[in-house]
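**Student:** Quick one: this structure, given as structure tokens, is what I'll be asking you about.
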Amino acid sequence: MRKRLVAGNWKMNTDMQDGYRLLKDILDGVREDELNACEVHVYAPFTHLKIFSNTLNGSGIGLGAQNCHQESVGAYTGEVSAEMLASVPVQHVLLGHSERRQYFNESNAVIAQKVDQALANGLKVIYCYGETLEERESNKHFEVVETQIREGLGHLSADQWSDITLAYEPVWAIGTGKTASAEQAQEIHAHSRDLISKMTNGDVANATRILYGGSVKPGNAGELFGMADIDGGLIGGAALNADSFKGIITA
């Protein structure tokens with residue numbers, strides 16, 4: 001059985017004081033039985049990671065970074081390597097988010113290198129993928145997501161897939177208030193799982209978690225998470241409110 005996962009991506013939000021207060025509110029609000037039934041991660045800004053690592057130690061909530069560089073060391077001013085993240089320590093890293101693809105021109109090939117760096121340093125990866133509104137309206141969404149998965153993860157061995165979680169995020173539903181219907185999301189998730197099976201084998205496909213991200217809220221989380229191939233959510237805006245985030249975990 002795939003254990004459900006709710007992952008909060010804080011993006012470039014909260015200073016240290018506000019972020020710590022939010023983290024404590026989440027810790028105080030999530031029950032132990034919920035953490036036994038559902039894995040929970042927080043993907044915080046780089047500046048917060050060391051203090052958050054100490055705070056979350058032994059809590060049952062995982063800590064992740066929102067990105068890493070594709071090289072191990074070098075003259076890359078302002079960048080952070082996977083080895084640096086592992087030394088904090090954090091356990092997880094988010095790669096391939098649509099905002100990284102759009103605003104920083106990250107290609108599938110670059111993201112594949114980042115995946116390799118993360119895995120080489122013992123980090124588990126949430127790999128993001130998804131189509132734009134134009135691509136969906138042009139009926140290219142299956143082609144787009146297949147290319148993103150094959151080019152970003154197709155080089156991995158079956159064993160390496162145990163450290164990979166996918167997060168399908170239709171770009172047109174991120175921060176827009178629009179949400180893919182449960183049926184639309186399930187269709188892509190099922191297609192993605194079938195693709196993983198073709199790339200590796202059925203056991204890997206059945207074991208790989210695939211999250212949905214795109215304006216998930218407490219009110220729609222239950223329907224989305226009730227779909228056969230949706231194993232939880234990658235949460236943006238709602239993760240910045242402890243009550244909303246807890247409501248999604250409860251769902």
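The values are calculated or read from the model by the stated rules, or taken from the named source; none is laboratory data. This structure is a prediction, so every number in the text was calculated from the model and none was measured. All Cβ positions, even for glycine, are placed from backbone atoms using ideal geometry, and neighbour counts span all protein chains on display.
**Student:** Restricting to region 83-118, give me the number of residues that are farther than 24 Å from GLY130 by Cα and either among the aliphatic types (A, V, I, L, M) or crowded, with 23+ Cβ neighbours inside 10 Å (or both).
**Tutor:** 5
**Student:** For region 156-180, which residues satisfy the criterion of being closer than 16 Å to ARG136 by Cα, touching an Asp or Glu at 6+ places or on another chain (Cβ under 9 Å) and surrounded by fewer than 16 Cβ atoms within 10 Å (Cβ to Cβ)?
**Tutor:** If the condition is that a residue be closer than 16 Å to ARG136 by Cα, touching an Asp or Glu at 6+ places or on another chain (Cβ under 9 Å) and surrounded by fewer than 16 Cβ atoms within 10 Å (Cβ to Cβ), then no residue fits.
**Student:** Still on this model: Any idea which residue in region 225-251 is modelled with the lowest pLDDT, counting only those that are aliphatic (A, V, I, L, M), in contact with a strand residue (DSSP E or B) (Cβ under 9 Å, 6 or more places away or on another chain) and closer than 22 Å to ARG31 by Cα?
**Tutor:** So the residue we want is ALA251.
**Student:** Being surrounded by fewer than 21 Cβ atoms within 10 Å (Cβ to Cβ) and farther than 18 Å from LYS178 by Cβ is the filter here, so list the residues in region 140-153 that pass it.
**Tutor:** LYS140, PHE142, GLU143, GLU146, THR147, ARG150, GLU151
**Student:** Can I ask one more? If the Cβ limit is 8 Å and pairs must be 6+ apart or interchain, which residue in region 149-178 that is under 19 Å from GLY232 (Cβ atoms) and modelled with pLDDT of 95 or more pairs with which residue that is among the charged types (D, E, K, R) and outside any loop (DSSP other than H, G, I, E, B)?
**Tutor:** These pairs meet every condition: ASP163/LYS124; ILE164/LYS124; THR165/LYS124.
**Student:** Restricting attention to region 7-38, which residues are touching a helix residue (DSSP H, G or I) at 6+ places or on another chain (Cβ under 7 Å) and in contact (Cβ under 8 Å) with a residue 60 or more places away in the chain?
**Tutor:** GLY8, ASN9, TRP10, ASN13, THR14, LEU22, ASP25, ILE26, GLY29, VAL30, GLU34, CYS38, listed by residue number.
**Student:** What residue, of TYR43, TYR76, is modelled with pLDDT of 95 or more, aromatic (Phe, Trp, Tyr) and exposed (fewer than 12 other Cβ atoms within 10 Å of the Cβ)? Break it down stepwise before answering.
**Tutor:** Details: TYR43 fails: exposed (fewer than 12 other Cβ atoms within 10 Å of the Cβ).
Residue meeting the stated conditions: TYR76.
**Student:** Here is a further query. Regarding region 87-94, can at least one residue be identified that is under 30 Å from ASP25 (Cα atoms), assigned to a helix (DSSP H, G or I) and in contact with a helix residue (DSSP H, G or I) (Cβ under 7 Å, 6 or more places away or on another chain)?
**Tutor:** no
**Student:** Tell me, which strands (runs of 3 or more DSSP E) lie completely within region 122-214 with 2 or more residues that are aromatic (Phe, Trp, Tyr)?
**Tutor:** Filter on region 122-214 gives 124-129.
**Student:** ASN206 is checked against (1) buried (at least 16 other Cβ atoms within 10 Å of the Cβ); (2) more than 24 Å from ASP18 (Cα to Cα); (3) more than 17 Å from the chain's Cα centre (by Cα) and fails just one. What number does that condition carry?
**Tutor:** Only one criterion is unmet by ASN206, namely (1).
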